[in-house]
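The values are calculated or read from the model by the stated rules, or taken from the named source; none is laboratory data. Being a predicted model, the structure only gives us computed values, none of them experimental. Neighbour counts are summed over all protein chains in view; Cβ atoms, including those assigned to glycine, are modelled from backbone coordinates with ideal geometry. With ligands, DNA and RNA removed, areas are computed over all heavy atoms of the protein, side chains included. Shrake-Rupley method; radii C 1.70, N 1.55, O 1.52, S 1.80 Å.
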Amino acid sequence: KAAELGDADAQYELSRLYEVGKGVEKDEWKVIHCLEEAAIGGHPIARNRLGRIEWNIGNTERAVKHCIIAAKLGDDDSTKMLMHMFRNGQVSKDDLASALRAHQAAVDATKSPQREAAEEYHQREVV
């Protein structure tokens, strides 16, 4: 229901269900559709996954664009992909630097004493 209402997290989770066929029939096109909807809604992991899909089918330019957007949203895996693409000459130094600066700003924006305390608490509970 939340996915139908445009919730990005719900769209992403729905993509995972279609990918593995859990509760729904496996459907590659619906996976991509849900990922696109989630990415449009600002879901960084969905954007990263679209980048990986484009990379795997040889659409390097689209893969780079998805990864730059995901990195700017704070996705760590996308920065790693961009570094790899940079070493292969598929991302310019300026684009990489811009994405890394934006990534750091996004990460910094999520920092707070409350979040750090919650992470410490979680770590104690898990161990």
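Loop-located trypsin sites (Lys or Arg not before Pro) across the range 46-127 with a Cβ neighbour count of 13 or fewer within 10 Å are LYS111, with loop assigned by DSSP.
In this simple spin-label approximation, THR60 and ALA117 carry label points 7 Å from Cα along the Cα→Cβ vector, and these lie 5.0 nm apart. Note on the chain: with neighbouring protein chains present and a 1.4 Å probe, carbon and sulfur make up 51 percent of its accessible heavy-atom surface.
In the chain, helices alone account for a calculated mean residue ellipticity at 222 nm of -24000 deg cm²/dmol, with every DSSP H run of four or more residues adding -39,500 (n - 2.57). Taking only Cα atoms and a 10 Å spring cutoff, compute GNM fluctuations for the chain and point out the largest among LEU82, LEU17, LEU35. Evaluated over the chain, the most mobile residue of the options is LEU17.
Need one word for the range 46-87: rounded, prolate or oblate. Basis is the Cα gyration tensor (sqrt eigenvalues a ≥ b ≥ c); a/c below 1.5 gives rounded, then a/b vs b/c decides. Taking the square roots of the gyration eigenvalues as a ≥ b ≥ c, the range 46-87 is oblate.
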